[in-house]
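What follows draws every value from the coordinates through simple rules; no lab data is involved. What you are looking at is a predicted structure, and each value in this text was computed from that prediction instead of being measured. Backbone-built Cβ (ideal geometry, glycine too); neighbour counts: all protein chains shown.
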Ligand code: FES
């Protein structure tokens, strides 16, 4: 019985309690959705607009006259990343050259060029790559991986490569070369 002397219907009490609980759970669900979309938005924004783009620079490699067709040279980027630069043509422009990371995309061993086989070979798990860097055998081929490729340009008879110039620290604390390597 209430103060006016009327009795409160217990069913009404259950109804208002139910309405309160439904309203609260809808509010919680809405808050969860907003938080979820907010987190998704932050991740998407970080992916689309990285806080600061990885610094890359054009670096001098060699005078074209010093690298003949079929020859390869080893270049080390400022990050320490070894790159194999091979001359495959004689037009005198950047299309003559291919610059590939020497780091195997499978587990990071160093690949080396086997001229007689016309291929790059990774001794760790017998990974094989064609001269363009595409994996043709071993675990990298199974995973559809390729050696990372770097842009090249020729200016006034000189060959330049575009490479990352800062190290990026991976989640496991080990440094890795930034960029597409
Ligand atoms: S690390 Fe190169 S094939 Fe495994």
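Output the relative contact order of segment 56-167, whole-number percent, from Cα pairs under 8 angstrom with separation of 6+ residues.
Details: 245 pairs, mean separation 34.0, N = 112.
30 percent.
Of the peptides 145-157, 107-119, how do they stack up when ordered by the mean number of other Cβ atoms within 10 Å, highest first?
Working: 145-157: 16.1, 107-119: 13.0.
Descending mean neighbour count gives 145-157, 107-119.
Extension gain residue 119-residue 162, at 0.36 nm per residue separation less the Cα-Cα distance, in nm? Walk me through the numbers before you get to the answer.
Details: separation 43, 0.36 × 43 = 15.48 nm, distance 2.34 nm.
This chain segment gains 13.1 nm when fully extended.
Regarding segment 56-167, what's the average projected area of the Cα-atom convex hull, expressed in nm²? Please list the in-between numbers first.
Working: hull surface 26.9 nm².
Mean projected area of the Cα convex hull: 6.7 nm².
State, to one decimal in nm, how far the label point of residue 149 lies from the label point of residue 90, with both points 7 Å from Cα in the Cβ direction.
In this crude label model, residue 149 to residue 90 measures out at 2.4 nm.
Go through 131-141, 68-78 and give me the packing order, highest mean Cβ count within 10 Å leading. Intermediate values should be presented prior to the final figure.
Working: 131-141: 17.1, 68-78: 14.1.
Descending mean neighbour count gives 131-141, 68-78.
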